[in-house]
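The block underneath contains the structure these notes are about, expressed in structure tokens.
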Amino acid sequence: MVSFTPTDEQRMLVEAIHRYAELDVRPIAHEADEAASIPDAVIRTGWEIGLIPASLPEEYGGFGQREALTGVLAAEELAWGDLAVALKVMAPALVAYPVLMFGTEAQKRDLLPRFCEDYSPMTAALTEPGLFFDPLAMQTTATAEDGQFVLNGAKANVPLAAEAETILVYAREAGGEVGAYLVDRQQAGIAVGEREKLMGIRGLETYPLTLDGVRVDQARRLGGEAGIRFGLIQNYAHVALAALAVGVARASAEYARAYAKQRVQFGVPIATKQAIAFMLAEAAIEVDAARLMVWEAAWKLDQGQEATREATLARQYAANAALTVTDAGVQTLGGYGFIREYPVERWLRNARGFAMFSGLAMV
Amino acid sequence: MAISFEIPERVVQEQQMAMALAQGVMRPQARRLDEDEHARPVDFIQMIWPVLRDQQKRQLDKLLAPPDPNKPKREGPGITYLRMMVQVEALSWGDAGQYLCMPSALLAGSAIEAVGTPEQKERFLRRFAEGDDPKWGAMAMTEPNAGSDTKAIETTAVLDPETREWVLNGEKIFITGGGLALNESNGLVVVWATVDKSAGRAGMKPFVVEARTPGVIVTKAEIKHGIRASDTVAVSFQNARIPYDHLLGDPEVRAIDEGGTKGFKGAMATFDASRPLVAAGALGVGRAALEFVREKLIEAGIDIPYDRPYHKLSAIQRDVLEMEAQLKAAYLLTLRAISLLDHGQRNSLEASMAKAKAGKAVTWVTQKAVEILGMMGYNREWLAEKWMRDARINDIYEGTGQINLLIVARRILDYSSRELN
């Protein structure tokens, strides 16, 4: 039966995240962007909401079950607060969920309980530097050698790489398939480069990474012999990014709406002019449409159905919607929209990233 | 509750049946009925009348059944509107013009259901639920000088105190199914007229005008850009006399001196159902065009991959992915508006969102389809150019895209129509 009503548990979770986003995140978002640094306390508070433990089974220290629908509801709300904070708080999921999905029993027992403790940065390395990154034609390779795997290549946009203990590195294997390897950052052959300077999500630390003959035991290949289904991981990643895009778009749409109601020009609030009102109406429609596409894709994933089409379209649609909606937000504020003290230009910079972000989030 | 996109098995089956009709009966006639503009889709009407009649009978009987205190109230949401949505979408996929010739009470039925008394519902709607001959209902609101601005209507209804009849005078245009209702069946038209021009909306009342009423003259069958099989007429009312009890509604609706606008609001409330259904019709046309494009691309050896990055897609593949995304977005907004109806919840905002999005998306999708197909798209041998023309009306009727944006804007900004106009 078709329904668009979240469960009571989901609603309570969203309310809790909203409080966090409003009271803890929004007040520091501007300064975090300017200083390119998010206060640790804000990340800790976000972590304590317990998103990941709530998605892990009891046997691994958690207290719940992972659902993509719950994940996208949470992601939207976090991103409504601030995208950089959302990505940083959720970063451990880049390891936790692939391990939950495909890890061997030993890998799950080893890693999953760590996500039920204090925040500790973990990350994944997927994107590669240069033009035309294609996840299905990665340049980073994993070669079998003397009962081990040897990783070679270069990665980029790896969040938290300088402090993460464990990095899940995606690499192309001999058969052309994509494998994932649990790498210890301290291992020989790994070099974390200088922190990247990005247009948006400036509070989140991202780094380039080079892998030069990094040796990994077979036990550290995610999924062991069976490996992973990279396409499925990508679907969850697409849905996560799409949900975050919806959150950013919604933040801008709501802000522009409130602003247009109080900004008086020509003796009336500008929202009473159709030129403005129609931008706001279109923004509201696009936010809702994108959210529904995210929900449908997440629902399909939760049903265990093939969802590549839905996840891809949701990702594409939400990325476009986020850009047009945040752009309209800047336009609604006019000159003020261009001033960094107002959040709309930050949301536009953040939104631009969704078309190319890869491997930055997971639900 | 939980978020779910599960379409019940029964609805899926009904959709398949509608698709069979669309494919087997409507598609073969689609081109001919487009070229021969005022011909009637006889096959479709004959096939679907018994089905619609029996559906309408069940609905009417349920509507008029006295409340049975022993019968437990049905738990949870219904599927009435979801069934309509998939049916409308499928039939429009077959041919949007023919679909609009569906023999049923259509918009007249919505108005009668919304504001008619039980006695009037029985009197006016029973014909759509019985008999071997198909009947049509229609709604006459638009006038040459009153399009989106419905309160500007000039058609008058004056009560003749001697005969206690209403005397109607004026011109109505763009009446879908008006010829079928008035001249080609024992149908009826709900006509909006003002009983007191100075009262504005409060003076606007709905009247039921029966087929073949003297002084009611179909003056023109329009020739149109698209949906050519659809019957769109102008009607002139020249001292047309209507029985007193053809004014729809309870005394509150009828009262003109109280300044009430319940009748008008009743009409507006029918948009909550009609707009998502118009959106559903748009989706059917869009899907037809998209499926055809994909089919032709596959024949030409071009697939549409979902796992490839932007730079590895051709311009055509990107276009098709965007067409698909736009259609899906419109579909989901429509599904939400429909689902709210089935849950018995207000949906005016969501209905206008769905209508605005679907009208625009499908217009773009079908125009793009013609472009991608090149001269094949432009050639009347195939249906792509027809779908483009058929799609265009969806951003116009039942509230233009702009009117629906205005409604969305008022609702999200919490503005009245006076504050934002």
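The values are calculated or read from the model by the stated rules, or taken from the named source; none is laboratory data. Bear in mind the structure is a predicted one, so any value in this text is a computation, not a measurement. Positions of Cβ are backbone-derived with ideal geometry, glycine not excepted, and every protein chain shown enters the neighbour counts. For the accessible areas, the whole protein counts, side chains as well, though only heavy atoms, and no ligand, DNA or RNA atoms are used. Shrake-Rupley method; radii C 1.70, N 1.55, O 1.52, S 1.80 Å.
Tabulated results
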item	result
The range A:247-301-the range B:29-73 distance, computed between alpha-carbon centres (Å)	39 Å
Cα-based shape type of the range A:34-140, given that a ≥ b ≥ c are square roots of the gyration tensor eigenvalues and the cut on a/c is 1.5	oblate
Modelled label reach - B:Glu222, point 7 Å along Cα→Cβ, the range B:395-419 residues with backbone N closer than 15 Å	B:395-401
Extension gain from A:Glu59 to A:Ala258, taking 0.36 nm per residue of separation minus the Cα-Cα distance	67.0 nm
Under Karplus coefficients 6.51, -1.76 and 1.60, residue-wise ³J(HN,Hα) of the range A:116-128 in Hz, glycine/proline x	9, 10, 5, 4, 9, x, 9, 8, 10, 10, 10, 4, 10
Considering only chain B, percent of DSSP beta bridges that pair antiparallel, nearest 5	85 percent
Filtered GluC sites (Glu not before Pro), the range A:105-191: DSSP coil and at most 11 other beta carbons within 10 Å	A:Glu117
Inter-centroid distance (Cα atoms) of the range A:93-121 relative to the range B:295-316, Å	37 Å
DSSP-defined beta bridges in the range A:141-224 - what % are antiparallel, rounded to 5	95 percent
Size of the B/A contact, given as accessible area buried on both chains, probe 1.4 Å, in Å²	4400 Å²
Share of carbon and sulfur in the accessible heavy-atom surface of chain B [1.4 Å probe, %]	53 percent
Cut-off 12 Å between beta-carbons: net charge of the residues surrounding B:Gln59, Lys and Arg +1, Asp and Glu -1	+4
Sorted peptide list for A:271-284, B:383-396, criterion being average Cβ within 10 angstrom, highest first	B:383-396, A:271-284
GNM top mover of B:Asp43, B:Asp272, B:Asp231 - chain B, alpha-carbon springs below 10 Å	B:Asp43
Simple Cβ-charge dipole of chain B, Lys/Arg +1 and Asp/Glu -1, about Cα centre, in debye nearest 20	540 debye
Highest-MSF residue in chain B out of B:Glu119, B:Glu162, B:Glu171 [GNM, Cα springs under 10 Å]	B:Glu162
Heavy-atom accessible area ranking, 1.4 Å probe, most first, across A:Tyr97, A:Tyr255	A:Tyr255, A:Tyr97
Shape call, the range A:82-187: gyration tensor on alpha carbons, a/c limit 1.5	oblate
Förster radius 51 Å - calculated FRET efficiency between A:Thr141 and B:Glu154, Cβ distance, rounded to 0.05	0.10
Difference of contour (0.36 nm per residue) and Cα-Cα distance, A:Asp8 to A:Ala174	55.0 nm
Between helix A:26-35 and chain A: long-axis angle, C-alpha atoms, 0 to 90°, nearest 10	70 degrees
Distant-in-sequence amide H partners of B:Ala105 (H built 1.01 Å from N, under 5 Å)	B:Gly137
Residues with amide H under 5 Å from that of A:Val158, placed H, sequence gap 5 or more	A:Tyr207
Relative contact order of chain A, pairs being alpha-carbon contacts under 8 Å that are 6 or more residues apart, as %	19 percent
Two-site FRET efficiency, B:Gln13 against B:Tyr378, from Cβ-Cβ distance with R₀ of 30 Å, rounded to 0.05	0.20
Formal net charge of residues neighbouring B:Gly226 (Cβ-Cβ distance under 10 Å; K, R +1; D, E -1)	+2
Within the accessible area of chain A (1.4 Å probe), percent carbon and sulfur	51 percent
Relative contact order [Cα under 8 Å, 6+ residues apart], chain B, whole percent	16 percent
Length-normalised contact order for the range B:319-387 - Cα pairs under 8 Å, 6+ apart - percent	26 percent
Most mobile of A:Gly247, A:Gly227, A:Gly304 in a GNM of chain A (Cα contacts under 10 Å)	A:Gly304
Prolate/oblate/rounded label for the range B:65-116 (Cα gyration tensor, a/c 1.5)	oblate
Label-reachable residues, the range B:146-168, where backbone N falls under 18 Å from a point 7 Å from B:Asn239's Cα toward its Cβ	B:156-168
DSSP-defined antiparallel bridges as percent of all bridges, the protein assembly as shown, nearest 5	85 percent
Where labels lie 7 Å past Cα in the beta-carbon direction, separation of B:Val42 and A:Ala41 in nm	8.3 nm
